[in-house]
């Protein structure tokens with residue numbers, strides 16, 4: 001056998017082994033990815049306790065609590081992200097969620113301060129603009145600003161169809 005055939009065969013075998021290895025690694029990665037829908041809040045709390053700077057999981061868990069209107073459990077996670085994350089989108093989102101919880105406790109001025117800070121950090125935050133628009137819409141003095149913010153969000157096409165319907169209905173309720 002000449003050396004060219006040997007080297008060609010070796011290269012061919014190398015590429016086959018490389019392909020098989022990459023394919024196996026892809027399958028292994030797929031198997032080890034965690035679907036958070038199948039993870040309990042308690043399991044997430046344990047992971048976060050062991051790894052406090054796992055911000056996306058903190059946000060996911062805080063959102064679960066927020067959706068359940070369990071603000072006392074959501075707040076510490078949002079606060080941790082707001083105080084420690086370097087990711088402006090996560091920080092702005094956390095501040096917005098905190099603002100809404102504060103608003104729900106009837107402290108409108110503090111809620112607006114949180115939303116202003118969220119928008120200072122991320123001026124394109126849809127959630128911060130939405131919350132601020134909703135708060136402004138409810139006060140006759142700031143109603144026009146609220147409509148303006150919500151109409152800006154509606155024109156951006158960044159809302160899900162469900163959220164869009166909600167915001168459109170809300171704006172129409174406060175039409176002059």
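Counting only Cα atoms, I'd like the Rg/Rh figure for the stretch 68-171, Kirkwood definition for Rh.
Reported Rg/Rh, Kirkwood definition of Rh: 0.96.
How much length, in nm to one decimal, is gained on full extension between residue 174 and residue 84, taken as 0.36 nm per residue of separation minus their Cα-Cα distance?
28.6 nm
What's the ranking of 102-112, 125-135 by average number of surrounding C-beta atoms within 10 Å, highest first?
125-135, 102-112
Read the figures in this text as sums done on the coordinates, not as results from a lab. Keep in mind that what you see is a predicted model, and the values were worked out from it rather than measured. Heads up, the Cβs are rebuilt from the backbone with ideal geometry, glycines too, and the neighbour counts pull from every protein chain shown.
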